[in-house]
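Here's the structure we're looking at; comments come further down.
The values are calculated or read from the model by the stated rules, or taken from the named source; none is laboratory data. These figures come from a predicted structure and were not determined experimentally. Using ideal geometry, Cβ is built from the backbone for each residue, glycine included, and neighbour counts are taken over all protein chains shown.
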Amino acid sequence: MGAIDFTLSGNVATLTIQSPPANALSSTLLNALSEKLDLIEKEEKVKAIVLKGEGRFFSAGADIKEFTSLQEASDYQSLAEFGQELFDRIEHFSVPVIAAIHGAALGGGMELALACHIRIATENAKLGLPELTLGIIPGFAGTQRLPQYVGTAKAYEMILTGEPITAKEAYQYGLVNQVVSEEEVFEVATTLATKIASKSKPTINRIMQLVPYAKSENFASGVKEEAKAFGEIFGSQDAKEGVLAFIEKRKPNFIDK
């Protein structure tokens, strides 16, 4: 079971995972997350999202009890494909999603965090993919996204041992952007989201489209699209205002705030 709480403050949306005690990612909760993303897409004012967990954890993983209710290999495959599609949607969302990670991001919770664009973790946070300790494997694209951040060798070690890493180690590997106290994590994530949300939304949207090219093998297409977007953006009123404000040494007043 579980739910996703949605709040909106200015141009920043906050999504809170509410599935005690471990914020397990059941199919019901994943559906709720998808529905909230639908809602956010209709809210034109949203420029950044903070994703956090309620209670002790960000998310300690998928709902293992739900696994026991599945019968056929095709059922498990369908669940994995649904999770993969949802997390891919997050990775390619039109505005940045910032994960505020406390306690633990394990298994499916780790895979959800990996799909986010920026990760802020608490000093006591643990991050990992422990599925092999249960005799199963990651199913929400963890085997594909983790190597992009920590490298192939470290990804093999983490997945094959099932042992989590600390927030400090995650920072050293570039997996998280900042490590802060548990009291600060939501505030830091929200402050960062607010800073991003002060920018022009069309510009944010284009950046969100361009950066994923760097993760693919199609680098040439990525730089071509970047040049095209560069030209398009420079023809906008926000770009003209931004350049003029820089010259005049003042804060820009973007139309699209």
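Can you name the number of the only condition in (1) in contact with a strand residue (DSSP E or B) (Cβ under 6 Å, 6 or more places away or on another chain); (2) outside any loop (DSSP other than H, G, I, E, B) that E66 fails?
(1)
Mind telling me which of the residues T190, T133, T143 ends up being buried (at least 16 other Cβ atoms within 10 Å of the Cβ), more than 21 Å from K52 (Cα to Cα) and either touching a Pro at 6+ places or on another chain (Cβ under 9 Å) or not assigned by TED's automatic domain parsing to the domain that holds S216 (or both)?
It is T143.
Residues checked against (1) under 30 Å from P202 (Cβ atoms); (2) surrounded by 23 or more Cβ atoms within 10 Å (Cβ to Cβ):
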{"residue": "I49", "(1), (2)": "yes, yes"}
{"residue": "F58", "(1), (2)": "no, yes"}
{"residue": "S69", "(1), (2)": "no, no"}
{"residue": "E72", "(1), (2)": "no, no"}
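Please work out which residue is farthest from E111 (Cα to Cα), limiting yourself to segment 10-34 and to residues that are free of Cβ contacts under 8 Å to residues at least 60 places away in the same chain and part of a strand (DSSP E or B).
Only one residue tops the list, namely A13.
Could you please let me know if I207 is surrounded by 19 or more Cβ atoms within 10 Å (Cβ to Cβ) and assigned to a helix (DSSP H, G or I)?
Here the answer is no, as I207 does not meet what is asked.
Does segment 103-140 hold any residues that are more than 14 Å from the chain's Cα centre (by Cα) and in a loop (DSSP other than H, G, I, E, B), and which are they?
Passing the criteria: G103, G107, E123, N124, A125, L129, P130, G135, I136, I137, P138, G139.
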